[in-house]
Amino acid sequence: MVEIKVQGKTKHGKVVQLNNHIAVVQVFENTSGMSVNDISIKFTGKPLEIKLSREILGRMFNGIGQPIDGGGPVFSGVKLDVNGSPINPVARRYPRNYIQTGISAIDTLTTLIRGQKLPIFSGNGLPHNEIAAQIVKQAKVAEGEGEFAVVFAAMGIKHDDAHYFIKTFQDAGVLDKVVMFMNLADDPVVERIVTPRCALTAAEYLAFYENMHILVIMTDITSYCEALREISAAREEVPGRKGYPGYLYSDLASLYERAGMVEGSKGSITQIPILTMPNDDITHPIPDLTGYITEGQIVLSREIYQRNIYPPINILPSLSRLMKDGIGKGYTREDHPDVANQLFSSYSRVQEVKALSQVIGEDELSELDKKYLEFGNTFEYSFLKQGFDEERDINRSLEIAWDILSILPKNELDRINPKFVDEFYRG
Amino acid sequence: MTQHQLAKWSDADIIVYIGCGERGNEMTEVLEDFPKLIDPSSNLPLMNRTILIANTSNMPVAAREASIYTGITIAEYFRDMGYNVAVMADSTSRWAEALREISGRLEEMPAEEGYPAYLPSRLAEFYERAGYVKTLNDKEASVTIIGAVSPAGGDFSEPVTQNTKRFVSAFLGLDRKLAYSRHYPAINWLSSYSGYITQLEDWYKQNVAEDMIFLRGEMMKILQEESKLQETVKLVGEDVLPDQQRLILEIARLLKVGYLQQNAYHKEDTFVPLNKQYLMLKVIDNFYKLAKEAVKVGVPISVIKTSDLFYKIIKMKYEIPSDFGRSFDELMNDISEYFSNLIREYEGD
């Protein structure tokens with residue numbers, strides 16, 4: 001960190017490169033008014049640190065952790081390095097309990113587990129902001145399990161998107177449980193690199209010092225990676241895939257791996273990073289590398305959205321790697337794992353039938369295939385589709401799942417324990 | 001997941017699990033689960049035979065490069081003591097990326113996709129450290145490497161996959177489409193191969209059954225044929241195929257759902273001993289032969305595939321325990337009885 005005094009004002013900067021006797025400093029704020037004559041520079045010898053206390057709940061900060069809501073500075077004895085440090089796997093606790101989001105497709109098929117990092121892979125123009133806002137509004141941990149709060153990191157998002165989030169949180173009355181770190185699209189890019197780190201440091205403080213359950217929403221990771229590329233190019237580094245720096249994977253990992261739970265603290269950090277896939281391409285380096293670090297993904301589909309289905313979650317490529325240990329008996333309901341499995345396998349069969357019907361026409365399909373088509377339609381319109389203000393608890397979602405599974409003949413349900421078929425199959 | 005299952009159940013003496021660029025939470029899962037699981041051969045916690053190299057993705061990149069070597073060196077140490085060691089390297093793609101990252105920082109000339117030009121030789125050096133040896137005190141011991149490669153976007157033509165395939169003789173290709181339909185383990189039966197089948201033939205003959213390898217061939221033939229038929233089905237639908245061919249589709253389904261697919265959370269199905277595997281294949285083969293006869297005399301395929309027996313065979317992996325006793329004989333009898341009745345019925349007409 002570098003402090004720069006210009007005409008009585010203090011600006012901050014960061015050393016980005018050392019070369020023989022030259023240190024290159026990038027300034028967080030703009031560089032206007034600076035000249036070689038009238039500035040003084042102080043190297044603090046420390047990385048960026050921010051002050052944290054419980055009072056940050058309900059506050060709004062810029063990308064480097066300075067208050068921008070006019071509420072004055074944060075006073076606290078706790079000052080943490082924003083870069084954090086990797087958690088030793090031995091010091092972690094394995095995530096086992098789930099967060100109910102009230103969205104059927106997520107709760108039933110890609111269950112969000114406390115301490116998990118589950119990104120949303122979206123595209124431009126898809127309603128990822130709405131889904132994130134709905135999750136913030138509805139997310140619940142079970143009664144008596146501690147406090148719940150949200151840390152929101154905006155990286156390079158548009159002013160209207162930022163406004164949308166603030167307004168939705170306000171309307172839902174959750175604003176005083178949200179800490180916001182804002183770096184908008186026209187703010188400096190160096191600041192964008194620090195934004196998620198400040199946010200995660202705040203989350204770590206709340207989770208591990210104050211024992212709260214924290215949900216961190218980070219949007220948009222794509223802008224973050226673009227910023228990384230911009231700075232890497234300015235430093236004249238050897239580019240990797242698509243011009244992104246070779247360390248993109250390590251850098252993303254240093255953010256995502258800060259989710260989790262640690263021994264000796266009741267709190268947890270759950271991350272929902274949102275990224276827009278350039279050109280809806282899931283093999284693009286950003287979603288690709290993200291997928292290797294995160295524990296699953298929720299993939300949105302333009303095709304489903306165009307059929308007027310919200311939330312447009314394409315369940316087949318979506319996956320929650322931790323759900324296996326956080327659902328079923330003792331957590332949700334005993335039949336949940338089997339039902340989820342069956343829905344996945346039947347819905348993937350629906351895709352085959354659809355492809356076939358496009359070639360030979362729907363009339364020529366066998367009776368069973370027609371049933372599958374009907375199942376697919378009902379699944380999309382009554383299970384997947386739900387209103388922005390509609391909150392379904394896990395029981396309700398599973399009941400709907402059984403309603404539509406019962407469209408299929410009983411012996412097609414080969415992923416479900418016969419015991420549950422007898423208990424829940426309708427008709 | 002497949003790696004975890006292998007680490008849990010494979011009958012090596014020692015397991016070295018290298019979490020190279022792994023997720024922190026998954027490492028913790030192993031740390032919490034393994035001490036609770038009991039190793040069937042020694043009755044001690046699985047953890048006692050496992051060495052974990054935990055290098056999560058947010059740890060320094062140089063450590064990630066080194067972790068693979070650390071693991072294999074530990075394995076060689078135990079090998080020299082006369083143990084059979086299995087090394088799970090999860091994942092070598094992360095390791096190759098670490099090589100790329102370091103090479104980029106050293107400003108070396110990049111080769112294919114930015115990987116350094118020495119990637120193939122490094123991979124070869126690593127995989128060639130596996131092998132079967134005679135130790136100095138005349139014991140036989142081995143190191144087996146099970147390397148996971150996670151190609152970007154599931155594209156098997158990228159350099160790490162291609163170069164790895166050059167140096168290994170057995171390959172398990174995980175298939176995105178199978179994973180999407182939650183067919184686990186998502187091992188594609190057509191793209192995977194093993195170069196050791198002929199060498200193992202004698203072993204199977206002595207230890208499992210005379211016709212194990214033959215059965216394997218028969219079943220592969222059915223799966224191969226099914227994938228060809230599926231292309232026709234995609235164009236014109238299943239109904240227009242002759243019953244003989246539809247039978248192949250149904251038998252392939254039996255194989256896929258009843259045999260290839262396994263449920264890691266089911267207590268019978270998570271680990272299937274070899275002789276149960278053999279008997280399961282035998283049942284399916286027997287069913288196929290008799291069903292072929294039945295179709296010849298004009299039994300419609302719909303009768304066969306909706307029978308309770310068909311359903312029972314699919315469920316045999318759950319319902320017949322590993323110490324099966326006589327259940328398979330009963331199932332065999334059921335099959336022959338069912339078909340002889342069926343054939344009699346239709347021949348009578």
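The values are calculated or read from the model by the stated rules, or taken from the named source; none is laboratory data. If you're wondering where the values come from, they're calculated on a predicted model, not measured in any experiment. Here the Cβ is made from the backbone with ideal geometry for all residues, glycine too, and neighbour counts use every protein chain on show. Quick note on the areas: whole protein, heavy atoms, side chains included, nothing else; ligands and nucleic acids left out. Shrake-Rupley method; radii C 1.70, N 1.55, O 1.52, S 1.80 Å.
Of note:
- When nucleic acids and ligands are ignored and a 1.4 Å probe is applied, B:LYS205 ends up with an accessible area of around 80 Å².
- When the charge dipole of the protein assembly as shown is built from unit charges on Cβ atoms (+1 for Lys and Arg, -1 for Asp and Glu) and taken about the Cα centre, the candidate among B:PHE339, A:LEU300, A:GLY13 whose Cα reaches farthest toward its positive end is A:GLY13.
- Net lengthening on full extension, A:GLU49/A:ASP161 (0.36 nm per residue, minus Cα-Cα): 37.5 nm
- Qualifying trypsin sites (Lys or Arg not before Pro) in the stretch A:392-426, where qualification requires a DSSP coil assignment and no more than 11 other C-beta atoms within 10 Å, comprise A:ARG426.
- Most mobile of A:ALA227, A:ALA401, A:ALA91 in a GNM of chain A (Cα contacts under 10 Å): A:ALA91
- Within the protein assembly as shown, helix-based [θ] at 222 nm, where runs of 4 or more DSSP H residues each add -39,500 (n - 2.57), nearest 500: -12500 deg cm²/dmol
- Candidate residues A:ASP187, B:ASP285: accessible-area rank, largest first, probe 1.4 Å: A:ASP187, B:ASP285
- A viscosity of 1.306 mPa s and a temperature of 10 °C, combined with the Kirkwood radius over Cα pairs in Stokes-Einstein, give a translational diffusion coefficient for chain A of 68 µm²/s.
- Cα convex hull volume per residue for the stretch A:145-271 (Å³): 103 Å³
- The A-B contact accounts for roughly 4300 square angstrom of buried accessible surface, both chains included, probe 1.4 angstrom.
- Sites B:GLU210 and B:LYS165, calculated FRET efficiency, Cβ-Cβ separation with R0 35 Å, nearest 0.05: 0.60
- Carbon/sulfur fraction of accessible area - chain B, other protein chains in place, 1.4 Å, %: 54 percent
- Exposure ranking of B:LYS36, B:LYS315 by accessible area [1.4 Å probe, largest first]: B:LYS36, B:LYS315
- The accessible area of A:TYR209, taken with all protein chains in place and a 1.4 Å probe, comes to roughly 130 Å².
- Pairwise Cα inverse-distance average, inverted: Kirkwood Rh of the stretch B:200-349 (Å): 16.4 Å
- Remark: accessible surface ordering of B:SER93, A:SER366 (largest first) is A:SER366, B:SER93, probe radius 1.4 Å.
- For the stretch A:268-425, the gyration tensor built on C-alpha atoms gives an oblate shape. Its axis ratio a/c (a ≥ b ≥ c) is at least 1.5, and a/b is not larger than b/c.
- Under the Debye formula (equal points on every Cα, no solvent term), log10 I(q)/I(0) of the protein assembly as shown at q = 0.06, 0.07, 0.10 Å⁻¹: -0.43, -0.58, -1.14
- For the stretch B:173-214, chymotrypsin sites (Phe, Trp or Tyr not before Pro) are listed when DSSP marks them as loop and at most 13 other Cβ atoms sit within 10 Å of their Cβ; the list is B:TYR196.
- Computed FRET value (nearest 0.05) for A:LYS329 with A:ILE41, which takes r as the C-beta separation and R₀ as 60 Å: 0.45
- In the structure shown, the pairs B:LYS228/B:LYS289; B:LYS256/B:LYS305; A:LYS371/B:LYS305; B:LYS256/B:LYS282; B:LYS234/B:LYS315 are assessed against 23 Å; a Cα-Cα span above that value is assigned to B:LYS234/B:LYS315.
- Extended-chain gain in nm, criterion 0.36 nm per residue less alpha-carbon gap, B:THR198 and B:VAL272: 24.4 nm
- With eigenvalues of the C-alpha gyration tensor scaled by 5 and rooted, the stretch A:357-426, Å: 24, 19, 7
- Helix B:327-348 vs. chain B, principal-axis angle (Cα, 0 to 90°, nearest 10): 40 degrees
- Between the Cα long axis of helix A:159-171 and the first principal axis of chain A there is an angle of about 70°, rounded to the nearest 10.
- The residues of the protein assembly as shown expose on average 43 square angstrom of accessible surface per residue, using a 1.4 Å probe on protein heavy atoms.
- Contact order, relative form, for the stretch B:170-294: 23 percent (alpha carbon pairs under 8 Å, 6 or more residues apart, mean separation divided by residue count).
- For the stretch B:108-186, trypsin sites (Lys or Arg not before Pro) meeting the loop criterion (DSSP other than H, G, I, E, B) and having at most 13 other Cβ atoms within 10 Å: B:LYS139.
- Cα→Cβ-extended label distance, 7 Å offset, between B:ASN286 and A:ASN19, nm: 7.7 nm
- Extent along principal axes [Cα atoms of the stretch B:112-170; Å; largest to smallest]: 46, 22, 13
- Along chain A, longest interval not containing exposed GluC sites (Glu not before Pro), exposed being DSSP loop plus at most 14 other Cβ atoms within 10 Å: A:1-142
- In this structure A:ASP160 has an accessible area near 100 Å², from a 1.4 Å probe over the protein heavy atoms.
- For chain B, the antiparallel share of DSSP beta bridges with both residues in that region comes to about 30%.
- Multiplying the residue separation of B:LEU44 and B:LEU172 by 0.36 nm and subtracting their alpha-carbon distance yields 43.1 nm.
- Divided by 2.2 N^0.38 Å, where N counts the residues, the Cα radius of gyration of the stretch A:47-169 comes to 1.22.
- Between helix B:274-296 and chain B there is an angle of about 40 degrees, using the helix long axis and the longest principal axis of the Cα atoms.
- Cβ-based net charge around B:LEU260, under 11 Å, with every Lys or Arg adding one and every Asp or Glu removing one: +3
- Note on B:GLU330 and A:GLN66: the model spin-label points, each 7 Å out from Cα along the C-beta direction, lie 7.9 nm apart.
- Mean separation of Cα contacts under 8 Å, 6 or more apart, over the residue count of chain A: relative contact order %: 18 percent
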